[in-house]
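What follows is a single structure, written as structure tokens, with notes after it.
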Amino acid sequence: MTRTHQNRPTRRRFAAAAVLAAGAIAAGAIGPAAPADAAGTFLALAYQQSYGFGGKLIYRDAHGVGQSPVYDTARINALNDCQKNGGNTGGGQCEVRVVANSECAAVAASNGAEGWKIATATSYNLQLAEQIALANNGGGLVVVSACPS
């Protein structure tokens with residue numbers, strides 16, 4: 001007499017379901033990848049370009065860097081640092097040019113025939129942020145760059 005096992009397909013289904021369930025549990029336990037800094041740090045860069053009137057230098061280049069977990073506080077810190085470094089506040093001489101969230105940032109500037117050109121960039125890497133800012137500006141100099149610390 002031949003015996004047939006009708007339970008085999010059921011066993012296979014249970015085994016497959018167990019493997020899938022184990023995979024789902026493992027995936028749920030690991031979860032999605034979290035950002036490098038879940039809390040986030042805002043980095044703000046302020047810059048004031050040189051400005052002359054009638055051949056006399058009125059404002060000179062100045063820059064500032066500000067950090068904070070709060071967006072507006074990072075901006076205020078950058079403006080205060082710009083003023084501390086010789087810039088003027090009020091009237092918009094020191095201006096926040098870029099704010100990055102948990103990234104490096106750079107400001108590039110140039111003074112050519114068309115006047116002042118300013119470009120910014122952010123990146124996970126300081127050197128890359130500087131290169132992108134220069135490319136966005138079509139050349140010039142990096143006047144301020146930083147990474148959150």
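We did not get these values from a lab; they are worked out from the coordinates using the rules stated. The shown structure was predicted, so the numbers you read here are calculated from the model rather than taken from an experiment. All Cβ positions, even for glycine, are placed from backbone atoms using ideal geometry, and neighbour counts span all protein chains on display.
Here are the numbers for the structure shown:
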item: Count of residues meeting criterion [touching a strand residue (DSSP E or B) at 6+ places or on another chain (Cβ under 7 Å) and in contact (Cβ under 8 Å) with a residue 60 or more places away in the chain] in the stretch 99-148; result: 16
item: Among residues of the stretch 101-127, those that are closer than 25 Å to Val70 by Cα, surrounded by fewer than 18 Cβ atoms within 10 Å (Cβ to Cβ) and among the aliphatic types (A, V, I, L, M), counted; result: 1
item: Single condition Cys82 does not satisfy, out of (1) in contact (Cβ under 8 Å) with a residue 40 or more places away in the chain; (2) crowded, with 17+ Cβ neighbours inside 10 Å; (3) not β-branched (Val, Ile, Thr); result: (1)
item: Single condition Lys84 does not satisfy, out of (1) touching a Leu at 6+ places or on another chain (Cβ under 9 Å); (2) over 14 Å from Ala146 (Cβ atoms); (3) basic (Lys, Arg); result: (1)
